[in-house]
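The values are calculated or read from the model by the stated rules, or taken from the named source; none is laboratory data. The structure presented is a predicted model; accordingly, all values stated were derived computationally and were not measured. With ideal geometry, Cβ positions are generated from the backbone for all residues, glycine too; neighbour counts draw on all protein chains shown.
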Amino acid sequence: MTAPLRAILVLLGAALAGCVPAPRESVSSMSSIGGSEIMLVGRVELDPPLRKGEQKIRGIVIGNIENRMFLITDEQARPLPRDLALKDYAGRIEAPIGETFFVRSGSKPFYILGGMLFLDIGGNALDRAYFPGGLRVTVNPEDRAVYIGTLRYHRDEFWKITRVVIVDDYAAANAEFTARFGSQQVLRKAMMQPVKRPYVARAAPAPAILPSVIADSSPLPER
């Protein structure tokens, strides 16, 4: 059995035992946000989108991994490990691809180390795609809700990442936020930003190589 497959089996076993590190929880009500917490609003997109048959999930798999990218986070900037340990999954954002996420977070700045998508899992199969990170998310203790942008990955048919763009879709995200949580709530814009040093997965395959990250910001003022 390979080391990556053992790691996944450990992860799934931990989930069954109830000790898998928790992701950042989805939020359905502003009243559920604690005094030291905020709501993060953002989105992950693939171009071209995930096609039917590209993701194969067989047998019993714990958790919802279909059409979801795991954004691995940490309070410290560091390389995304090639083989993720159980602790690396703590505080992850389970982002539904092509949909806006609304998740609970602490009120401290953190880093998105990179992303991971299960392509083939079940039985003895394990295949994952890795995505560049090295992005800082800046939040403040006085924030209640923060929009961090759309992280768009351009790829080819072999899962090589050809371009990464941070897109400012604030107007659309704010409209969705207002529809869900009410017009009295304020969604502050604080776009995720690349750190000066590119953090690339150790011994990672070609898809984890960090291309240029381009901020494509709209002229909407920060609120």
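On inspection, Leu117 qualifies as within 12 Å of the chain's Cα centre (by Cα) and hydrophobic (A, V, I, L, M, F, W, C).
Go through Ser183, Ser107 for me and flag whichever is more than 16 Å from the chain's Cα centre (by Cα) and either under 26 Å from Ile57 (Cβ atoms) or surrounded by 15 or more Cβ atoms within 10 Å (Cβ to Cβ) (or both). The unique qualifying residue is Ser107.
Conditions (1) surrounded by 13 or more Cβ atoms within 10 Å (Cβ to Cβ); (2) modelled with pLDDT of 90 or more, marked per residue:
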| site | (1), (2) |
| --- | --- |
| Ala17 | no, no |
| Val27 | yes, yes |
| Gly63 | yes, no |
| Arg68 | yes, yes |
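In this structure, is Glu66 in a loop (DSSP other than H, G, I, E, B) and over 15 Å from the mean Cα position of the chain (by Cα)? In short, no.
Considering (1) surrounded by fewer than 16 Cβ atoms within 10 Å (Cβ to Cβ); (2) modelled with pLDDT of 90 or more, the lone condition that Asp88 does not fulfil carries the number (1). Looking at region 190-212, which of the residues that are at pLDDT 55 or above and touching a Lys or Arg at 6+ places or on another chain (Cβ under 6 Å) is surrounded by the fewest Cβ atoms within 10 Å (Cβ to Cβ)? It comes out as Val195.
Quick check on region 133-155. Is at least one of its residues in contact (Cβ under 8 Å) with a residue 12 or more places away in the chain, surrounded by 15 or more Cβ atoms within 10 Å (Cβ to Cβ) and more than 19 Å from Val41 (Cα to Cα)? Yes, that holds for at least one residue.
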